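The values are calculated or read from the model by the stated rules, or taken from the named source; none is laboratory data. Quick caveat: nothing in here was measured; it's all calculated off a predicted structure. Reconstructed Cβ throughout: ideal geometry from the backbone, glycine too, with neighbour counts over all protein chains shown.
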Amino acid sequence: MAILDENWQSDALDPALGFLAQTLAVRGGYHRTDEGEHGEAIFTTSSYVYACAKDAADHFNGTKKGNVYSRHTNPTVRAFERRLALMEGGERCVATASGMGAILTMCLAYLSAGDHLLCAKQLFGSSVALFDTYFKAFGVQISYVDCFDNDAWTNAIQPNTKILYCESPSNPLAQIADLSFLAKLAHKNGALLIVDNCFATPAMQKPLELGADVVIHSASKYIDGQGRVLGGALVGSDVLMEKAFTVVRTGGISLSPFNAWLLLKGLETLTLRMKAHCENANQVAQFLSDHPKVQRVHFSGLSTHPSHELAKRQHTYLDVAGGAFGAIIGFEVADKDSAWQVIDSTRMISITNNLGDAKSTITHPASTTHFRMTPEQRADAGVNDGLIRLSVGLENAKDIIDDLKRGLDGL
């Protein structure tokens with residue numbers, strides 16, 4: 001058996017073997033079948049055949065380890081989970097049907113009626129809708145603070161706080177939370193720190209190494225990188241992931257084998273793509289910062305950004321000229337009409353709510369990704385009518401800049 005096959009994990013995590021992130025991204029987590037395939041196989045099966053009735057019973061009751069039903073055990077999904085866990089530095093990963101499926105799994109696994117969920121204000125609009133519409137109705141108390149305000153986090157902790165939850169960088173302003181501080185605060189108060197690492201990915205940032213307990217991903221974004229499929233994941237300790245796995249197994253929030261295969265292949269090029277994304281974003285952000293019609297740029301790669309130094313300390317896993325700060329840029333123009341004019345003037349950039357794609361995408365958060373939030377919630381999260389979110393892709397940076405310049409110059 002090759003050293004990077006199914007049973008290699010405990011040995012391969014030994015630093016003496018010298019496997020680095022990019023090697024794990026290409027080779028990690030997959031167990032070659034008896035067919036001897038070079039590429040990873042897709043197991044498109046809903047169920048599995050057993051040798052006899054007792055063999056089936058032993059698989060179902062856990063006496064014998066193996067596949068039971070593809071809702072919760074599938075070799076292709078398992079390969080994706082193992083590879084992502086290795087890249088994040090976690091003991092185990094649980095895959096889900098989407099990023100929102102991962103967040104739902106988080107709530108169901110770690111919260112009960114009467115518990116308190118302490119969140120950053122700077123969240124994806126659907127996350128806020130999930131928390132406020134459903135989990136408040138189920139008896140979970142929810143509070144919001146600015147992700148970058150350590151005092152606010154400290155003051156909002158309650159005796160029944162079970163989870164501190166944030167995106168870092170955040171959607172859509174790419175704001176940065178001090179993850180080491182939040183981890184210490186959570187653990188001091190008997191809570192978990194759960195971090196959405198979707199924008200940074202393990203190519204740039206590993207929240208578990210900074211003290212987080214669980215990392216969440218919308219794998220539909222950079223992990224896929226092509227805008228092809230939906231997927232989500234949670235990564236953490238065996239104990240915490242077993243709770244998440246139980247939710248997925250029972251609730252059916254499961255990733256399909258084909259989507260898992262695409263995401264598995266996406267991980268192979270994640271580090272290479274993120275490096276190119278960041279290089280382009282650094283150039284685009286500087287252009288936007290210099291343009292007279294842009295009132296403000298939200299990008300931690302700019303030295304004027306209040307979290308610039310913190311981002312440099314946390315985003316340490318990617319060697320990029322000018323630094324690795326991700327590729328999501330929020331920038332503000334005068335008002336909604338101006339924002340729509342800039343967006344509608346593009347000829348190359350895709351007008352879509354997706355992000356993390358090889359193709360650059362652009363959207364108006366207040367009327368798309370965050371429209372379900374109340375005007376007060378949007379204002380509190382910094383999502384104003386003049387804000388535009390840009391996901392910088394892999395096209396030539398000059399072409400991206402020229403496409404934005406067309407609309408900005410016309411304001």
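Only one entry of Asp115, Asp151, Asp58 meets the criterion of being at pLDDT below 95 and either under 24 Å from Thr368 (Cβ atoms) or surrounded by fewer than 24 Cβ atoms within 10 Å (Cβ to Cβ) (or both), and that entry is Asp58. Any residue in segment 341-352 that is touching a helix residue (DSSP H, G or I) at 6+ places or on another chain (Cβ under 9 Å) and of a type in the set (Gly, Ala, Ser)? Taking every residue of segment 341-352 in turn, at least one turns out to be touching a helix residue (DSSP H, G or I) at 6+ places or on another chain (Cβ under 9 Å) and of a type in the set (Gly, Ala, Ser).
Checked against (1) surrounded by fewer than 21 Cβ atoms within 10 Å (Cβ to Cβ); (2) in a helix (DSSP H, G or I); (3) touching a helix residue (DSSP H, G or I) at 6+ places or on another chain (Cβ under 6 Å), Gly407 passes all but a single condition, namely (1). Just one residue in the set Ala203, Ala285, Ala186 is within 12 Å of the chain's Cα centre (by Cα), in a helix (DSSP H, G or I) and within 19 Å of Gln314 (Cβ to Cβ); that residue is Ala203.
Take the conditions acidic (Asp, Glu) and in contact (Cβ under 8 Å) with a residue 60 or more places away in the chain and apply them to Glu268. Does it pass? In short, yes.
Here is a yes/no grid of residues against (1) part of a loop (DSSP other than H, G, I, E, B); (2) β-branched (Val, Ile, Thr):
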| site | (1), (2) |
| --- | --- |
| Ser300 | yes, no |
| Ser303 | yes, no |
| Glu309 | no, no |
| Ala334 | yes, no |
| Thr369 | yes, yes |
| Arg378 | no, no |
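Can you go through Ser237, Ser289, Ser256 and tell me which one is surrounded by fewer than 24 Cβ atoms within 10 Å (Cβ to Cβ), within 30 Å of Ser338 (Cα to Cα) and among the hydroxyl-bearing types (Ser, Thr, Tyr)? If you could, list the steps in order and put the result at the bottom.
On the way: Ser237 fails: within 30 Å of Ser338 (Cα to Cα); Ser256 fails: within 30 Å of Ser338 (Cα to Cα).
Testing whether each residue is surrounded by fewer than 24 Cβ atoms within 10 Å (Cβ to Cβ), within 30 Å of Ser338 (Cα to Cα) and among the hydroxyl-bearing types (Ser, Thr, Tyr) leaves just Ser289.
Residue count for segment 380-403 under the criterion of being at pLDDT below 95 and either part of a helix (DSSP H, G or I) or outside the structural domain of Leu288 (by TED's automatic domain parsing) (or both): the result is 1. For Ser170, the criteria (1) modelled with pLDDT of 95 or more; (2) among the hydroxyl-bearing types (Ser, Thr, Tyr); (3) within 26 Å of Glu209 (Cβ to Cβ) hold in every case but one, which is (1).
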